[in-house]
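Remarks on the structure that follows.
Coordinate-derived values only; no laboratory data. Note that this is a predicted model, so its numbers are computed, not measured. In this analysis, Cβ positions are derived from the backbone assuming ideal geometry, glycine residues included, and neighbour counts consider all displayed protein chains.
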């Protein structure tokens, strides 16, 4: 994997240092904030990490009146962009998701919790997709967070302050677990576990205590070692090979393997062994030769920190998990060993994961995925315009001050100037709101136009970057045109003033039917020349006849 | 001590920027990387470094290094 696009349903703080583990050594790009649908419909030749908080996709109050059936319908709508991508590219898509919300244990105790049920169906929908599409990888963040302590992973202050649902700790767990999955794309799983015997497969030193003296059984410490063996046995079931390297007399070790009633691993489970008094390095090298495998396919399990350190220095290619002093922690540790984990039990070579299992011509109901426009229609966008009244001045100021990307002129209006605009008869202005299937997005845009008889000049045209990729700018332009026409305007003059950050708006005016304004070509008496003084010399200026201007892309909005 | 730490945190967050000796005059926007997102990551790294937590209200007022330094004092850092 060389190229990764990272996108989320809320702010992921792309420049937070926790992302370094993911982005190091690859070309990683965060794009615009919350532009995930664009990503899903966009470049099919890069890997994608999509971080989803279900609450961003579906408003909790909407979950309340859903029967399970209609919830499934709505879920398929929010998953549509993902399915579209999966059907169109073999490049991996990793979906890291959280469905968690605070809820009362009381409501959860009698099926009253519609949210929990919604979360469950979202999760199972993702699992179904993963079954169908081999390029889909899923990461259940709630499980990752639960292990650490969920309360420390989310941060409401970060959410209300800058739309980032996670704390630094949560971000670290997200990036770390995502990296563990992503790195498996390039680094195949280890193939062989080489395990020590005394105090690793069983408790005690065999040479001293004899077969009947070792700890292995169904109680206490003996049960710990039984479980360690069971864990290794499960890895065997997934295709991992097991070898033994032990400093012992060989016949004593076979005595345990053949005769001890609680041995889970049997002699014929082993692919190779070296039971002797040679150093472990030579034994490992010999086994590698025997199996014709590189040492980088090996995991070495040994309770002795001395042996581990020695192998680490002499054979750095070998993976050597640190085994904690407390042996009771080993079974769970072995069960979750990343080095051995593969994406599926039958994957023979996971390096090929991107080209892997190219299921031909799979079409489900979900994959009848139309294009982007169809998706936009299906989310039922209902934009609205609001008068710039006194109680909205603060929000309007925020939009002026904070919006850097979709901002045609980046005029930093403040409350006093906006108040003037809202009362001065030579200005027309409105705020833009948007509601859709994902919920109510609030006030997301602002337009201010200055009127001089039949000509209007666009003073401000601002859209929150959360709203890009939805053609909302087209709707806003149409709204402006309607407003200006009802004020007897015939002409519109607008300009794009480039800054370091607003390139996303660069082609907006020309894409929407406005014509470059060249003063030389216009008669001096043309009405638009009334705005000549307002147009900046370093701007890209455009104009349009308000009666002829046809705005594209309006069909995605509900009428 | 605080000042040296802060300079270090600034450098870590904005490795491409030249941090001047007297950086207390710097504020959000002083160099291109220090945009609103970069600013948030800087504040979070400061919180982590000192083991403190700013309220949302505080965060909104911490747009320059001078204010950040005095907020650290009011959180008992360095005393």
Report summary line: In degrees, nearest 10, the alpha-carbon axis of helix A:68-88 is tilted away from the dominant principal axis of the alpha carbons of chain A by 90 degrees
Query raised in the report: Say each of residue A:27 and residue A:503 gets a label point 7 Å from the Cα, pointing the same way as Cα to Cβ; how far apart are those two points in nm?
Result: 1.4 nm
Report task. Report the semi-axes of the equivalent ellipsoid for region A:5-121 in whole Å, largest first, where each axis is √(5λ) for an eigenvalue λ of the Cα gyration tensor. Result -> 30, 18, 10
Query - Distance in nm between pseudo-label sites at residue A:142 and residue A:290 (7 Å out along the Cβ direction from Cα) - result: 4.8 nm
**Report entry** Degrees between helix A:472-485 axis and first principal axis of chain A (Cα, 0 to 90, nearest 10)
**Finding:** 10 degrees
Query raised in the report: Given just the C-alpha atoms of region A:106-264, how large is their convex hull per residue in cubic angstrom?
Result: 212 Å³
Requested in this report: Could you list A:168, A:537, B:70 in order of exposure, starting from the residue whose Cβ has the fewest other Cβ atoms within 10 Å?
Outcome: A:537, B:70, A:168
Requested in this report: Arrange the following residues from fewest to most other Cβ atoms within 10 Å of their Cβ: B:12, A:191.
Outcome: B:12, A:191
Report summary line: Here, region B:1-72 modelled as identical Cα point scatterers in vacuum has Debye log10 I(q)/I(0) at q = 0.11, 0.22, 0.27 Å⁻¹ of -0.22, -0.97, -1.60
Query raised in the report: What is the distance, in nm, between label points placed 7 Å from the Cα along the Cα-to-Cβ direction at residue A:43 and at residue A:109?
Result: 5.2 nm
Report summary line: Once residue A:123 and residue A:238 are pulled to full extension, the length gained, defined as 0.36 nm per residue separation minus their Cα-Cα distance, is 38.9 nm
Report task. For region A:65-151, build the convex hull from the C-alpha positions and give me its volume per residue in Å³. Result -> 108 Å³
Query raised in the report: So how much slack lies between residue A:538 and residue A:64, counting 0.36 nm per residue of separation and subtracting their Cα-Cα distance, in nm?
Result: 165.3 nm
Report summary line: Tilt, helix A:280-291 to longest principal axis of chain A (alpha-carbon atoms), in degrees rounded to tens, equals 80 degrees
Report summary line: quick note, the protein assembly as shown, DSSP beta bridge pairs, % antiparallel (nearest 5) is 50 percent
Report task. State the extension gain, in nm to one decimal, for the chain segment bounded by residue A:329 and residue A:386, taking 0.36 nm per residue of separation less the distance between their alpha-carbons. Result -> 14.5 nm
Report summary line: Cα-based Rg/(2.2 N^0.38 Å) for the protein assembly as shown, rounded to two decimals, is 1.21
Query raised in the report: Kirkwood hydrodynamic radius of region A:206-268 from all distinct Cα pairs, in Å?
Result: 12.4 Å
Query raised in the report: For a label point 7 angstrom out from the Cα of residue A:152 toward its Cβ, which stretches of region B:47-79 have the backbone nitrogen within less than 18 Å?
Result: B:47-54
Report task. Restricting things to alpha carbons, tell me how big region A:1-61 is in terms of Rg and Dmax, in Å. Result -> 12.3, 43
Query raised in the report: How big is the gap, in Å, between the Cα center of region A:30-66 and the Cα center of region A:107-181?
Result: 13 Å
